[in-house]
Each structure stands twice: as C-alpha cells, then as structure tokens.
C-alpha cells in the first residue's frame, strides 16, 4: 500500500473543500433566488440590501471556481475538475477524468 505524501493530502483537502464549498454556495444561490422571487412583488426600487447578498454569493462562487481550476489530482497531477469533453468543461465528480483515480481510493490509503 502506498503512503500519501503531505502534498497529496493538501490537494485532497483542497478538492474536498472546493466540492463542499461549491455545493453550499449553489444552495445559497438557490435559496436567495427563491426568497428574491417570493418577496419581489410590487417592489419599485432597483437595488436593495438583499441584492448585495447576491454579489457576495457570486464572489464566493467565483473564488471557489478559481480554486477548483487550480486543484490537481494527487495521482497524475492533472487538473482534477477540468474535463474538456463536457459542455461546460468542468465537473464536480469524485473521479479524475484523466487517470480515473477516485477520492475514496485515497481515503483508504490515509487510514
């Protein structure tokens, strides 16, 4: 069994944090959209404090997408979330599109 290097552990940690962060940010955006739609009725002013929250959510999603673009697979050192074969060129799966390594494979090595 191979041991996982500290660099590989930091990459695995980054991959997990990005996946969780993007999931939370996407849920926050959906919740913002539902609340904005429900409370919009009759509003005439253009910008309010709640719209500022959308800007903060967009900045968080942008920062997380940048971190995802920088994250590398611990096994093959290719970008983990980038997959040019997909329409968006990006995925959130637990498997590297280049070497097929799964995050669960590395977790077993850490134990």
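In table form, for the structure just shown:
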{"read-out": "Looking only at segment 32-50, and only at residues there that are surrounded by fewer than 12 Cβ atoms within 10 Å (Cβ to Cβ) and part of a helix (DSSP H, G or I), the one that is modelled with the highest pLDDT", "value": "34"}
{"read-out": "Hits in segment 58-93 (condition: part of a loop (DSSP other than H, G, I, E, B), closer than 29 Å to residue 33 by Cα and without any contact (Cβ under 8 Å) to a residue 12 or more places away in the chain)", "value": "86, 87, 88, 89, 91, 93"}
{"read-out": "Residue satisfying all of: in segment 1-30; assigned to a helix (DSSP H, G or I) and touching a helix residue (DSSP H, G or I) at 6+ places or on another chain (Cβ under 6 Å); modelled with the lowest pLDDT among these", "value": "12"}
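One line per residue, one yes/no per condition, for (1) surrounded by 13 or more Cβ atoms within 10 Å (Cβ to Cβ); (2) in contact with a helix residue (DSSP H, G or I) (Cβ under 6 Å, 6 or more places away or on another chain); (3) at pLDDT below 80; (4) more than 18 Å from residue 17 (Cα to Cα):
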site: 52; (1), (2), (3), (4): no, no, no, yes
site: 57; (1), (2), (3), (4): yes, yes, no, no
site: 61; (1), (2), (3), (4): yes, yes, no, no
site: 71; (1), (2), (3), (4): yes, yes, no, no
site: 79; (1), (2), (3), (4): yes, no, no, no
site: 85; (1), (2), (3), (4): no, no, yes, yes
site: 97; (1), (2), (3), (4): yes, no, no, yes
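The values are calculated or read from the model by the stated rules, or taken from the named source; none is laboratory data. Everything numeric in this text was worked out from a predicted model, so none of it was measured. With ideal geometry, Cβ positions are generated from the backbone for all residues, glycine too; neighbour counts draw on all protein chains shown.
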